[in-house]
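J.: Let me give you the structure first, and then I'll get to my questions.
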Amino acid sequence: MFCVAPPELETKMNITKGGLVLFSANSNSSCMELSKKIAERLGVEMGKVQVYQEPNRETRVQIQESVRGKDVFIIQTVSKDVNTTIMELLIMVYACKTSCAKSIIGVIPYFPYSKQCKMRKRGSIVSKLLASMMCKAGLTHLITMDLHQKEIQGFFNIPVDNLRASPFLLQYIQEEIPDYRNAVIVAKSPASAKRAQSFAERLRLGIAVIHGEAQDAESDLVDGRHSPPMVRSVAAIHPSLEIPMLIPKEKPPITVVGDVGGRIAIIVDDIIDDVDSFLAAAETLKERGAYKIFVMATHGLLSSDAPRLIEESAIDEVVVTNTIPHEIQKLQCPKIKTVDISMILSEAIRRIHNGPARF
């Protein structure tokens, strides 16, 4: 005779079957909140580990339970000290590898150095270097969210799950902005137009694009590759074979493509760190007649004096997810609101651990 377990017990058994261990790799207490929320949703206890800094600033990791033959999930959120955050992750991954873990999955909601994913003049592609270091340390799978460029996935030779925060931000717009039907989705530069179009199509709203802003540090003009060259070559093989000179780029005056007059403007982007471009966009939209301005972004780095600048600006509200801890910034600026994305991360962990047959 076979005994059938109740559905709630079966669900719990499915979650823990095969041995799941959940670690938080960050020694900063403010960065462990996301890990605790994920653990609560999965119904598991956080793994026992010590991560701390030696007096000489070396990172030390001590795993205090067996991980042999288990699926280890290491959650790492980016703190203010990014380089220490990376070393904590790498050392913990390597410690699990040498302790014979079955698989080591990194849960890194914001992938650090993701802005440095293109070749610049006499520079390097740091995202590629970081991906190689993680794979070499022993990472077997990566869960992240809204990579700055999707092509970063190609830097890894392991599976990468690039999750989206847009459903949570769209839900916030629908539930927390009563008159959102009178809104327009705004891209603060042509490079952000694709993301803005995605939001606009799902909300059935119009789109506006700001063009002609100040030269951005990520533009192709500073990557050191001038083809054709900007000066005529004097060593041409034959005068008829000279390469034509490059016409230098010039930014046009700031224009807004789309109508924002008498409407709510919702600026969407993936990262909000240095807020100067967002402030300039907000001023432009105010001049064009927008009566409320919201900023939606997945990752709220909000470095330096960003909270003060937002508080003094024309922006009415900044909405970010909790991929990066920003409690101190919220205390400095009441305009900053947070959307919780622990649900989708915990579901990704559950599906990877249980396998496709037990969804």
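Residue by residue, here is whether (1) assigned by the TED database to the domain that holds Leu89; (2) open to solvent by less than 60 Å² (accessible area, probe 1.4 Å); (3) of a type in the set (A, V, I, L, M, F, W, C) holds:
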| position | (1), (2), (3) |
| --- | --- |
| Ala25 | yes, yes, yes |
| Ser35 | yes, yes, no |
| Glu45 | yes, no, no |
| Val51 | yes, yes, yes |
| Glu54 | yes, yes, no |
| Thr59 | yes, yes, no |
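J.: Right, next: With the condition being at pLDDT 95 or above and closer than 24 Å to Lys115 by Cβ, I'd like the strands (runs of 3 or more DSSP E) fully within region 242-354 carrying at least 3 qualifying residues.
T.: Correct list: 264-272, 292-300, 317-321, 336-339.
J.: Report, by residue number, each residue of region 317-336 that is free of Cβ contacts under 8 Å to residues at least 40 places away in the same chain and open to solvent by less than 80 Å² (accessible area, probe 1.4 Å).
T.: Glu317, His326, Gln329, Lys330, Cys333, Lys335, Ile336
J.: Within region 90-126, how many residues turn out to be among the small types (Gly, Ala, Ser) and within 13 Å of the chain's Cα centre (by Cα)?
T.: Residues that pass the stated criteria total 1.
J.: For region 271-313, which positions are open to solvent by 80 Å² or more (accessible area, probe 1.4 Å), charged (D, E, K, R) and within 23 Å of the chain's Cα centre (by Cα)?
T.: Answer for region 271-313, where residues must be open to solvent by 80 Å² or more (accessible area, probe 1.4 Å), charged (D, E, K, R) and within 23 Å of the chain's Cα centre (by Cα): Asp274, Asp276, Arg308.
J.: State all residues of region 15-56 that are in contact (Cβ under 8 Å) with a residue 12 or more places away in the chain, outside any strand (DSSP E or B) and under 16 Å from Met87 (Cα atoms); if no residue qualifies, say none.
T.: Across region 15-56, the qualifying residues are Ala25, Asn26, Ser27, Asn28, Cys31.
The values are calculated or read from the model by the stated rules, or taken from the named source; none is laboratory data. Predicted, not measured: the structure shown is a model, and the values here were computed from it. All Cβ positions, even for glycine, are placed from backbone atoms using ideal geometry, and neighbour counts span all protein chains on display. Surface areas here come from the heavy atoms of the whole protein model, side chains and all, with no ligands, DNA or RNA. Shrake-Rupley method; radii C 1.70, N 1.55, O 1.52, S 1.80 Å.
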